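The values are calculated or read from the model by the stated rules, or taken from the named source; none is laboratory data. Worth saying up front: this structure is predicted, and the values here are computed from it rather than measured. Backbone-built Cβ (ideal geometry, glycine too); neighbour counts: all protein chains shown.
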Amino acid sequence: MAKKRRVYECQACGFKSSKWMGKCTNCGVWDSFLELSDEQIEISKKIENSSKNPKAYPITKIKEDKIERFSTFDTELDLVLGGGIVPGSLVLIGGSPGVGKSTLLLKMCANLAKNGKKVLYVSAEESQGQIKLRANRIEANEDNLYLLSEIKLENILVELSNQNYELLVIDSIQTIYTEEITSAPGTVSQVRAVTFELMRVAKSTKTSIFIIGHITKDGSIAGPRVLEHMVDTVLYFEGDSSKDIRILRGFKNRFGSISEVGIFEMTKVGLVSAKDISGKFFSKKKRQAGSAITVVMEGSRPLVIEVQALVSESGYANPKRSATGFDSNRLTMLLALLEKKLELPFNQYDVFVNISGGIKIGETAADLAVIAAILSSFRNRPLNSETIFLGEVGLTGDIREVQMLDNRLKEAASQGFKKAIVPSKPIENNLLKCFVVDEVSKIIEWM
C-alpha cells in the first residue's frame, strides 16, 4: 500500500513543505504550517495547472486583442487603471484599515449605476444597513446599485448569474469562503480557491470584478503571493487615515502603465479626486530650521513637498536614525557622506527625517533637499523660503541630474518659488533663478 503523501502549507505566504516546520523558511513566520487534506491538494494542483496551455502558436499568426474600456467617472481612478475599467478584468485593491477602500469603491459603483450600468456590491463584513448608512453619507443611492451581505462564494455566484451585472465588488476577499475547501475563511487555501473562481467568472462572462484585500503588518496584501499573480491589476492605497489626502498607486497592470498615481481627498461626501493638489504637501508659512522644499514626480505629475529634519544630541552610544516617508537606508548613507565630506560629527547626534503630508517618496531627486534640511536643523538656521532643492547625491559626493527637471521647475514657479538649487541648467527658460551645484560640499554656501 502506497504511503500517504503529506503536504504542509504556510498560512502566511502559501509556501509548501513535505514536513511540518516551526518557522517558515520563505516568509519567516512562526507556527504557520497546516497539513492539507487530499481535497485541498487536488484543488491546489488544479489552480496551479489552470494557466498551462498545451497548444503553442507562432506569434505572427496570433491576433492582437482589442482592449476596450469604460470610465469609472472618476478622473484619478481612471488614470491609475490606465484609462478606465477593462471588461472581464480582475482588480485587487489593498490598503490599511480606514484608509478609504470601501468608500472609494462604493462611490465608484454609484457613479457607474448612475450612468446605466448594473452593479453588485458584496460585503462580507458589514450588513446592508451599515452600507446604506455609508451610501447616504457619500450620496451613493442609485437604483442600479445592488447590495448583498454574503460570505459564501456559491451564493454570490448564484446572484451574479440571476442578474446581468456588469461590475462586481467583493469586500473583502479574506472573508469569503467556498464549500470546496474545508478550512476557515482567510486561509491560504480559501483565498486561492475563491480568487481562482472569481477569475474564471470574470473571463468567461466579461464581468469586471474588484476585490478588496486586507494587508499585513509589513504593508503587503494578506494571503498567498499567488493572489497578486492571478489578478490583472493590483492597486495600493497609501496615506494616513487621520489626514485628508490619499494616494492610490498601481503595482501591477496588465492593461496599462503603473507609473501613474491617483490622488484623492477625503470629504464629507467620501473620497473625491483632488482637483487642486498643489500646495497640499508643504506649508506656505515662514520657513523654520530643519525644513527644505523639493519637487518629486508621481507618474507624470510634479508635486511640491516639504522635507523636515530634526537633529539633536544623542545620549546613547548608537544614535538613532529614523525616517518617515523616506528610505531609512538612504538616510543612513547620506549621513555617512556628510561625515566623510563635511567632517560633521553626526555619529553623536540623533537624526529624524519626515516627509510632510503623509506621502512616501522613492525617487532620489529629494536627496539634496534631505541634506539641506539636516544641515539646517544641525546649524539651527532656516533656509530661504523661496528656494527649492533638486538633485541626486552619489556616494562620491557629486550631485547628479534628475529626470523631468523642467516640469519640476515649472510647478515650483507656479507655487511662488523664486530660486532653485539644481545639478544642471534647465533646457527651457522659466521664472526661477537656477544655481548649479555639482558636489555636496557646495551646499554649505546656501546655508
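Of the residues making up the range 366-389, at least one is in contact with a Pro (Cβ under 8 Å, 6 or more places away or on another chain) and not aliphatic (A, V, I, L, M). Checking each residue in the range 148-167 for being free of Cβ contacts under 8 Å to residues at least 40 places away in the same chain and in contact with a Leu (Cβ under 8 Å, 6 or more places away or on another chain) picks out 148, 156, 159. For the range 314-335, which residues satisfy the criterion of being touching a helix residue (DSSP H, G or I) at 6+ places or on another chain (Cβ under 8 Å) and of a type in the set (Gly, Ala, Ser)? Selection gives 314, 322, 323, 325.
For the range 395-447, residues that are β-branched (Val, Ile, Thr) and either part of a loop (DSSP other than H, G, I, E, B) or on the phi > 0 side of the Ramachandran plot (or both) total 4.
Pairs linking a residue in the range 408-423 that is in the same structural domain as residue 437 (by TED's automatic domain parsing) and surrounded by fewer than 19 Cβ atoms within 10 Å (Cβ to Cβ) to a residue that is of a type in the set (S, T, N, Q) and modelled with pLDDT of 90 or more, with Cβ atoms under 8 Å and 6 or more positions apart or on different chains, are 418/387; 419/387. Here residue 365 does not fit the description of being free of Cβ contacts under 8 Å to residues at least 60 places away in the same chain, surrounded by 15 or more Cβ atoms within 10 Å (Cβ to Cβ) and assigned by TED's automatic domain parsing to the domain that holds residue 299. Screening 25, 60 for residues that are within 28 Å of the chain's Cα centre (by Cα), at pLDDT 80 or above and not in a strand (DSSP E or B) leaves exactly one candidate, 25. Per this entry, residue 340 is not counted among residues that are touching a helix residue (DSSP H, G or I) at 6+ places or on another chain (Cβ under 7 Å), among the charged types (D, E, K, R) and farther than 23 Å from residue 384 by Cα. Within the span defined as the range 375-383, one or more residues are more than 17 Å from residue 306 (Cβ to Cβ), at pLDDT 90 or above and polar (S, T, N, Q). Within the range 346-361, which residues are in a strand (DSSP E or B) and either surrounded by fewer than 18 Cβ atoms within 10 Å (Cβ to Cβ) or under 30 Å from the mean Cα position of the chain (by Cα) (or both)? Within the range 346-361, 350, 351, 352, 353, 354, 355 meet the criteria. All told, residue 197 falls short of being assigned to a loop (DSSP other than H, G, I, E, B) and modelled with pLDDT of 85 or more.
Residue-wise test of (1) part of a strand (DSSP E or B); (2) touching a His at 6+ places or on another chain (Cβ under 7 Å); (3) over 22 Å from residue 96 (Cβ atoms).
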{"residue": "134", "(1), (2), (3)": "no, no, no"}
{"residue": "147", "(1), (2), (3)": "yes, no, yes"}
{"residue": "179", "(1), (2), (3)": "no, no, yes"}
{"residue": "189", "(1), (2), (3)": "no, no, yes"}
{"residue": "193", "(1), (2), (3)": "no, no, yes"}
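Filtering 176, 170, 138 for residues that are touching a residue at least 60 places away in the same chain (Cβ under 8 Å), in the same structural domain as residue 231 (by TED's automatic domain parsing) and on the phi < 0 side of the Ramachandran plot leaves a single hit, 138. Taking residue 357 as the residue in question, decide whether it is out of contact with any Ser or Thr (no Cβ under 6 Å at 6 or more places or on another chain), modelled with pLDDT under 85 and closer than 23 Å to residue 440 by Cβ. So residue 357 fails the test.
This table checks each residue for (1) more than 28 Å from residue 94 (Cβ to Cβ); (2) in a helix (DSSP H, G or I).
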site	(1), (2)
255	no, no
280	no, no
287	yes, no
292	yes, no
306	no, no
310	yes, no
315	yes, no
323	no, no
330	no, yes
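Any residue that is under 30 Å from residue 160 (Cα atoms), in contact with a strand residue (DSSP E or B) (Cβ under 6 Å, 6 or more places away or on another chain) and at pLDDT 85 or above - is there at least one of those in the range 223-232? Checked the range 223-232: at least one residue is under 30 Å from residue 160 (Cα atoms), in contact with a strand residue (DSSP E or B) (Cβ under 6 Å, 6 or more places away or on another chain) and at pLDDT 85 or above.
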